[in-house]
Amino acid sequence: MQIGVYGAGYLGTVVSACLADFGTPVSCCHPDSSQMVAMAQGSVPFHEKNLTEVIKRNVRSGRLAYSTDIESFARKTQVIFLAEDSAQHLTDLAIRIARAAAKPPILSLATPVPVGTATAIEQRITEAGLRATVVSQPMFFTPGCAIEDFNWPDRIILGTDSNDAVLAIKQIFHSLVMRGVPVIVTNHETAELVRESATAFVATKISFINELASLCERVNADAVSLALALGLDKKIAPRCLQPGAGMGGLFAESDMDSLADLAQRNGVSLKVLSAAREVNHGLADQVIEKISKCVQSVQNKDVGILGLAFKPNTNSVAGSSSMRLAKNLIAQGARVRAYDPVALPDARLELNGSVHYCESPYAAAEGVDALVVGTGWPEFRGLDFSRIKQMLRRPLIVDTKNLLDSVRLRAMGFEYVGVGRG
């Protein structure tokens, strides 16, 4: 079966590479010829662990090809994954593909879309006198772990009433189905709602443990041990139950915005979601309060930030708590120095010249009044903290991810401030 993937952003690049890695011929299409050439050469415009190696391996084997000719692409592929990062032109794209296809295609919507999108696309295709089977297939990737998430998903969601479409997609994902990955077949609206609801639930979980972390600081409890104890309860589970600086990600805010808008339009009040978002957005201010408590005020103070990506192993700064922290510090009169192993180019686009960007974590620590761990990059654990202590104006470390060894740092003479730790 020849598979097509339309999209050359984050989703399309990951989906096309991983599908080809299943051993099936895949054609990835997008009109940007320079980007298609770069991708075929293994040049990915963002950082994602192991993705470049997967692309190069499948291009060499002939399983993964890149194209800019959408009509030819539509004629030769039977199942097409629409995997643009934005749903802005999705309907027009679906109609164009259906018109060019040799026979009615199966269109799998992997792009994050609001509830009602798939049904609307089906109606537009029918109104245009065309035929296609639309499947709502939300995919759940965490930047930095996308390859693992694709190959070891918790479930496969298929929103369709077509048995043929279900059989075709199960054939594509045969290795996962045989491994026992559950396949949930439902209608369009339910499948579309799964993604937004999952994002909202994770945000609620993270916000809950962060509120408990604030309580831990008041009563001399340890939020890390508390999270471990709670997570071992089989009704709760440990994933996403770690106190820290909040939840971010490429699609997190848009998912929650879409869900909140859907509820508002239908006269439903999602109070828990509203509270979780309020807690999540307020965490950057809590970090500033921690710093201010130690240095009296952040105004005219120098603050170093280690990590600007929203999580390790990605260059994405979308929804990053470190970025919110940097903006809030600047707004309150602080001078910010920042380092990240891969996210500085993306951070520059959003923060402009308001931050001094550093080429090493040691440069970020040079002469600052407080050093903040903003992203949990593993390499930060192995820094030479004796050297860093000599470089800091004040030996203050604020660890928003509880990444570092607090006992060791305090023994070295650092003033260590974690999240929810006494």
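Observations
- Relative contact order (%) - the stretch 251-323, alpha-carbon pairs under 8 angstrom, separation at least six: 23 percent
- Loop-located trypsin sites (Lys or Arg not before Pro) in the stretch 144-249 (DSSP state other than H, G, I, E, B) with a sparse environment of at most 16 neighbouring Cβ atoms within 10 Å: ARG155, LYS234, LYS235, ARG239.
- Principal-axis analysis of the Cα atoms of the chain puts helix 252-265 at an angle of about 70° to the longest axis.
- Dividing the radius of gyration of the alpha carbons in the stretch 302-346 by their Kirkwood radius gives 0.96 for Rg/Rh.
- Degrees between helix 117-127 axis and first principal axis of the chain (Cα, 0 to 90, nearest 10): 30 degrees
- The stretch 36-192 pair-distance distribution - Cα-Cα, 5 Å bins, rounded %: 2, 8, 16, 19, 21, 18, 12, 4, 0
- Entries of LYS235/LYS293; LYS271/LYS327; LYS56/LYS205; LYS49/LYS401; LYS56/LYS235; LYS49/LYS293 with Cα pairs more than 31 Å apart: LYS235/LYS293; LYS56/LYS205; LYS56/LYS235; LYS49/LYS293
- Cα→Cβ-extended label distance, 7 Å offset, between ASN300 and ASN187, nm: 6.5 nm
- Here r is the Cβ-Cβ distance between THR126 and ARG348 and R0 is 51 Å; the resulting FRET efficiency, rounded to 0.05, is 0.65.
- Contact order relative to length of the stretch 1-102, as percent, for alpha carbon pairs under 8 angstrom and 6 or more apart: 38 percent
- When the chain is described by a simple charge dipole with +1 on each Lys and Arg Cβ and -1 on each Asp and Glu Cβ, the residue from GLN296, ILE169, SER207 located farthest towards its positive end is GLN296.
- Charge dipole (debye, nearest 20) of the stretch 33-74; +1 at Cβ of Lys and Arg, -1 at Cβ of Asp and Glu: 280 debye
- The chain - charge dipole about Cα centre, Lys and Arg +1 at Cβ, Asp and Glu -1, debye rounded to 20: 680 debye
- Carbon-plus-sulfur accessible fraction, the stretch 159-289 (probe radius 1.4 Å, protein heavy atoms only): 58%.
- Computed FRET value (nearest 0.05) for MET178 with VAL219, which takes r as the C-beta separation and R₀ as 45 Å: 0.35
- When a 1.4 Å probe is rolled over the protein heavy atoms, the share of accessible surface on the stretch 330-374 that falls to carbon and sulfur comes to 50 percent.
- Relative compactness, the stretch 253-356, computed as alpha-carbon Rg over 2.2 N^0.38 Å: 1.25
- Two-site FRET efficiency, THR119 against LYS56, from Cβ-Cβ distance with R₀ of 35 Å, rounded to 0.05: 0.35
- Each residue, SER72 and ALA275, gets one label point 7 Å from its Cα in the Cβ direction; the gap between the two is 5.8 nm.
- Given their separation in residues at 0.36 nm each and the Cα-Cα distance between them, PHE140 and GLU379 gain 83.4 nm when the chain is fully extended.
- Couplings for the stretch 281-297, taken from phi via the Karplus curve 6.51 cos²θ - 1.76 cosθ + 1.60 with θ = phi - 60°, read 6, x, 5, 5, 5, 5, 5, 4, 4, 4, 5, 4, 4, 7, 10, 6, 7 Hz in order; Gly and Pro are left as x.
- Of the residues GLY367, VAL355, GLY382, the one whose Cα sits farthest toward the positive end of the charge dipole of the stretch 317-393, with +1 on the Cβ of Lys and Arg and -1 on the Cβ of Asp and Glu, is GLY367.
- Derived scalar couplings ³J(HN,Hα) [the stretch 365-371; Karplus, 6.51 cos²θ - 1.76 cosθ + 1.60; whole Hz; x for Gly, Pro]: 8, 4, x, 8, 7, 8, 10
- Radius, Kirkwood style, for the stretch 1-101 when every pair of distinct Cα atoms is counted (Å): 13.3 Å
- Cleavage-rule hits, GluC sites (Glu not before Pro), the stretch 246-293, DSSP coil, Cβ neighbours within 10 Å at most 15: none
- Computed with a 1.4 Å probe over protein heavy atoms only, the accessible surface of the chain comes to 44 Å² per residue.
- In range of the label at ASP405: residues from the stretch 210-243 whose backbone nitrogen is under 14 Å from the point 7 Å along Cα→Cβ: none
- Counting only DSSP beta bridges whose two residues both lie in the chain, roughly 5 percent are antiparallel.
- Value of relative contact order over the chain, rounded to a whole percent, pairs C-alpha under 8 Å and six or more apart: 12 percent
The values are calculated or read from the model by the stated rules, or taken from the named source; none is laboratory data. Fair warning: this is a prediction, and the values are worked out from it, not measured in the lab. In this analysis, Cβ positions are derived from the backbone assuming ideal geometry, glycine residues included, and neighbour counts consider all displayed protein chains. To get the accessible areas, we keep the full protein, side chains included, count just its heavy atoms, and leave off ligands, DNA and RNA. Shrake-Rupley method; radii C 1.70, N 1.55, O 1.52, S 1.80 Å.
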